[in-house]
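Input: a single structure, listed below in structure tokens.
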Amino acid sequence: MTTFVDRVELHVAAGNGGHGCASVHREKFKPLGGPDGGNGGRGGDVILTVDQSVTTLLEYHHSPHRKATNGKPGEGGNRAGKDGQDLVLAVPDGTVVLDKRGNVLADLVGHGTTYVAAEGGRGGLGNAALASARRKAPGFALLGEPGDLQDIVLELKTVADVALVGYPSAGKSSLISVLSAAKPKIADYPFTTLVPNLGVVTAGSTVYTIADVPGLIPGASQGRGLGLEFLRHVERCSVLVHVLDTATLESDRDPVSDLDAIEEELKEYGGLGDRPRVVVLNKIDIPDGKDLAGMIRPDLEERGYRVFEVSAVARTGLKELSFALADIVAKARAAKPKEEATRIVIRPKAVDDAGFTVTYDEHEDVYRVRGEKPERWVRQTDFNNDEAVGYLADRLNRLGVEDELMKAGARAGDGVAIGPEENAVVFDWEPSMVAGAEMLGRRGEDHRMEAPRPAAQRRRDRQAERDEAQREFDEFNPF
């Protein structure tokens, strides 16, 4: 049964915002109590946070769909809806968040580091908040916005100072078991280690972590064996330790060729060329292993490697190795730049930035409006309420959408689409529409919505022509 997972695809959904409430205060002998509809609550966020007690992504492998709670709708009597509860997902230290295309969204390192994977929707305003001197008793409220829907990929990259790499059965698991308190599985067959093992080593005043990565073989960077799946776990290390088997029973292998093969795979994987290397000649408790280690050590030292002869079974040479690794780790930590406090970056918008764009779509014969504010306002509008639609027209007019449509060549009755192509709201543009409460009728009504829609009729006529042409074609081409 799988107990370690280091890559999952997660589907997260933030909570929807609660709808605003359209209500009028009612009290005996006070027929004109005024609007008292409360605002809707905000939807909950989906937040990823680093927790040191979590070491695997197994929980999200079994339950990949996560959703935060929705905000509650507002109520009469100026009672605001309750905000949705944030959904906090604990992830291991070293988790990388990517989108479906592989772009890095966040690199979560350090206990308590957080990332908002999906933002909750805003709550809609109630009619009490929409009241003004010109619109004293709005007969509508704004809808809550839907929360974000995100498909993300979580990849775990082990946060360790030292990484042990080498062929299967080279003795990496035995070495980490005697250097630290880690208890990995140890057996006399290849690929005993199927998941990275992490141990803590104390050498004098230096405490560092050491990772045992599953065995590598030629072609690991291309997906052979377990290498490609776990090579990411050595990316964050400060030093690479080559564990070489000096007592291998395979006639076509020797420690030097093993070292060259692993180095080639690390080169193919990329990004590890600047890490210092240490070579450990393991299993010198075996006579043949001791002799072979003495023969190849000068050659390895000529290449610039620091070489240590050890025996994990006999526990010889471990102290020198441990303190040497501690010295390298301490120097690497000292060379790292000091962490600075996060600066608050303010990026003001350009003076001429209207916040939206207007383009003409020849294929659909509509003028398409794209922008954060117009699209958000459309999502908040209840199109079953004429007064709410009129309020949307007023907001768009004040934003300058009408002026930009005129500059783009739009005429009265032309179709205007707000939003992306797959989910746009299309309406007929009337440049003569005047904003103001004097145009309103009874609560919930707007006389401007009663005007004819020539653009909609033109679209219906074009569709009818297409249907007629298709029908005639089918009649003359029965096959």
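Computed quantities for the displayed model
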| read-out | value |
| --- | --- |
| Directionally averaged projected area (convex hull, Cα atoms, segment 1-51), nm² | 7.1 |
| Phi to ³J(HN,Hα) by Karplus 6.51 cos²θ - 1.76 cosθ + 1.60 over segment 411-421, Hz, x for Gly, Pro | 10, 4, x, 5, x, 10, 10, 10, x, x, 4 |
| Straight-distance crosslink candidates among lysines, where the alpha carbon sits under 25 Å from Lys407 and sequence neighbours closer than 8 are dropped | Lys349, Lys373 |
| Kirkwood Rh in Å, taken over segment 60-118 so that all alpha-carbon pairs contribute | 14.3 |
| Against the rule of thumb 2.2 N^0.38 Å, how large the Cα Rg of segment 277-335 comes out | 1.22 |
| Segment 346-405, accessible surface, carbon-and-sulfur percent (1.4 angstrom probe) | 44 |
| Label-to-label distance, nm, for residues given as Thr359 and Tyr305 (7 Å Cα→Cβ offset) | 5.7 |
| Heavy-atom accessible area ranking, 1.4 Å probe, most first, across Phe140, Phe29 | Phe29, Phe140 |
| Bins of 5 Å, starting at 0 and running to the largest distance - Cα pair percent for segment 66-159 | 3, 11, 16, 16, 13, 10, 9, 8, 7, 5, 2, 1, 0 |
| Relative packing of 419-425, 198-204, which averages over residues the other C-beta atoms within 10 Å, highest first | 198-204, 419-425 |
| Within the accessible area of segment 17-67 (1.4 Å probe), percent carbon and sulfur | 55 |
| Computed label-point distance, nm, for sites Arg333 and Glu404 using a 7 Å Cα→Cβ extension | 5.4 |
| Dimensions in Å of segment 1-137 - Rg and Dmax from alpha carbons | 21.1, 72 |
| Accessible solvent surface per residue of segment 78-179, calculated while the other protein chains remain in place, 1.4 angstrom probe, Å² | 42 |
| Carbon plus sulfur fraction of accessible area for segment 286-330, probe 1.4 Å, in percent | 55 |
| Interchain or long-range residues, amide H under 5 Å from Glu309's placed H | Leu281 |
| Total charge dipole magnitude, segment 59-159, about the Cα centre, Cβ charges on Lys, Arg, Asp, Glu only, Debye to nearest 20 | 720 |
| Rounded Å value of the spacing that divides the Cα centres of segment 239-282 and segment 28-58 | 54 |
| Segment 27-174, relative contact order [Cα under 8 Å, separation at least 6], % | 29 |
| Cut-off under 5 Å, modelled amide H: who pairs with Leu89 long-range | Ile47, Leu48, Thr49 |
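The values are calculated or read from the model by the stated rules, or taken from the named source; none is laboratory data. These numbers were taken from a predicted model, which means no experiment stands behind them. Here the Cβ is made from the backbone with ideal geometry for all residues, glycine too, and neighbour counts use every protein chain on show. Surface accessibility is based on the protein's heavy atoms, side chains included, excluding ligands, DNA and RNA. Shrake-Rupley method; radii C 1.70, N 1.55, O 1.52, S 1.80 Å.
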